[in-house]
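Below is one structure, written out as structure tokens; the observations come after it.
The values are calculated or read from the model by the stated rules, or taken from the named source; none is laboratory data. Because the structure is predicted, anything quoted here is derived from the model rather than measured. Cβ placement follows ideal geometry from the backbone for every residue including glycine, while neighbour counts extend to all protein chains displayed.
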Amino acid sequence: MIFRGVSCKQLLQIVQAIKADPSIMDIPQHEFLNLHSSTREFQKLTQKLAFKLTNGNSYDWVVASVPDLLCYHFEFNHVFRMGLEEALRTHRLPFNLYTYLDEVTAGNPLRPDNKRKSYVWYVGIREMGLHLQNELAWIPIAFLPSTVKDRIPEGISEAGASLYSNMLKDCRMRLGFALPNGTLLQLQVKPPVADEAALKLLWGFKGSGGLKPCFLCSNVLKKNHDMLALDPGFTDITSANPGEWTFVKDEEIFSTQDRLHEAANWMGKGRLDNLQKCCGQNLQKFGMLKNDDVRNGLKPTDSQFDGMHCYFSNGVGGLEIDLILQEIEDKMVLDVNKLLEFCNGWQPTQKFLIADGQFKGMARSTMAFIPIFNHFLQKEVAPLGVLEAHLKSFAQLSAVVCQLRVVKNQFPVQEIWLLIDFWLWAAQLMLDFHLFSTHWLVIAVVVLLLL
Ligand SMILES: [Zn+2]
């Protein structure tokens with residue numbers, strides 16, 4: 001067993017946990033992957049991407065050679081092979097290779113150490129369907145520590161450009177490559193599923209730092225901007241009506257970047273900074289929007305917002321729970337112990353935690369808590385005749401979450417769109433009380449299966 005990077009205190013906790021319940025070690029062998037079996041084996045699966053750092057030094061970023069790594073997993077990763085074999089039987093080639101990008105921080109989640117923050121890219125094959133619910137079906141391909149990212153001139157966008165360009169250029173991806181059993185696999189690389197912060201960094205958009213927080217819409221501006229009063233063609237980020245949103249085309253995104261470059265030839269720094277904020281893009285030399293391979297092979301508008309983050313992990317679900325907890329605490333109708341006793345008493349037993357008036361839990365826990373909490377509100381708070389509108393709003397959120405759970409576990413992707421109207425209707429009711437942004441939520445539904 002490898003304990004690299006684990007503190008003595010944590011190691012002691014692990015040993016004590018194993019002593020208390022030795023059966024936790026009885027995990028089937030096929031669930032384990034040992035990528036550290038030999039350095040030579042590891043090197044065969046990787047390649048180096050070179051960067052010039054801000055201090056003038058060069059840096060070799062070791063990333064996976066995706067076809068080689070997928071072949072490796074086909075051979076040794078039971079979950080991946082089963083999913084891929086089923087996909088090969090039921091779907092036509094080429095398959096869609098989805099990339100997923102997220103921030104991870106090694107160490108204690110309750111005391112995150114920013115110096116250990118990193119960005120990780122994973123790939124998953126869309127046609128593997130519900131097999132993607134198993135984390136072993138998602139293959140990590142690149143890991144970039146934030147301490148290195150900060151020294152790459154254009155950060156994640158420059159690293160991403162190099163990574164995607166490399167993946168796209170690999171002719172074996174387009175023409176196909178043979179799996180260890182001789183079967184042909186053809187893959188089409190897709191831009192990432194990620195939270196808004198990661199998509200912004202990757203594509204080099206301004207996000208909330210610019211006039212247009214959403215890079216997919218050309219007329220959705222930040223809240224309370226003066227332009228909204230001038231032109232009825234604009235709307236703001238709290239708009240819950242997709243009929244008001246004008247979606248951008250990929251060509252427009254690229255041509256905006258080109259025009260920024262033209263402007264940079266004659267415009268002063270102050271004006272150029274302003275122009276970048278208005279366009280919602282950073283001027284890039286090495287980033288994703290300036291890379292020819294990326295432009296030819298990926299569509300920024302195919303990027304997908306990660307449903308898990310939109311709703312559950314620092315998303316709307318968690319926010320709404322905390323808001324209503326605050327409301328019922330203010331009205332003195334909440335006994336937290338009674339609430340927890342009620343919510344933790346269901347089968348299978350859950351351990352929900354509320355501390356300092358806030359719900360503490362990961363995405364999965366938040367998803368499980370909302371319908372139970374709603375049941376508590378309807379049963380214990382509604383009879384008191386208080387907060388009627390708030391309870392109605394929360395019941396809508398709960399209905400949406402129940403639908404999301406159905407989608408996550410059962411629905412094929414094409415049927416997801418049938419549910420959007422329902423969600424929008426429910427979201428508009430919720431908007432009467434809390435002005436969260438429906439914007440991301442609507443876009444996020446497409447990727448819920450990947451949650
Ligand atoms: Zn938008």
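For the stretch 202-257, which positions are within 14 Å of the ligand (Cβ to nearest atom) and among the polar types (S, T, N, Q)? It would help to see each step written out before you state the result.
Within the stretch 202-257, the subset within 14 Å of the ligand (Cβ to nearest atom) is 203, 205-208, 210-223, 234-249, 252-253.
Correct list: Ser208, Ser218, Asn219, Thr235, Thr238, Ser239, Asn241, Thr246.
Quick one: count up the residues across the stretch 202-219 that are surrounded by fewer than 23 Cβ atoms within 10 Å (Cβ to Cβ) and either among the polar types (S, T, N, Q) or in contact with a Ser or Thr (Cβ under 9 Å, 6 or more places away or on another chain) (or both). Let's see the steps before the verdict.
Going residue by residue through the stretch 202-219, those that are surrounded by fewer than 23 Cβ atoms within 10 Å (Cβ to Cβ) are 206-211, 216-219.
Still in the list and also either among the polar types (S, T, N, Q) or in contact with a Ser or Thr (Cβ under 9 Å, 6 or more places away or on another chain) (or both): 208, 216-219.
Selection size over the stretch 202-219: 5.
Among the residues of the stretch 139-187, count how many are surrounded by 15 or more Cβ atoms within 10 Å (Cβ to Cβ) and over 21 Å from Ala50 (Cα atoms).
Result for the stretch 139-187: 10.
Residues that are in contact with an Asp or Glu (Cβ under 9 Å, 6 or more places away or on another chain), away from the ligand (no atom under 16 Å from the Cβ) and modelled with pLDDT of 85 or more: list the helices (runs of 4 or more DSSP H) wholly contained in the stretch 336-451 that include at least 2 such residues. Break it down stepwise before answering.
Working: elements: 336-344, 363-376, 388-409, 416-431, 438-444.
Filter on the stretch 336-451 gives 388-409.
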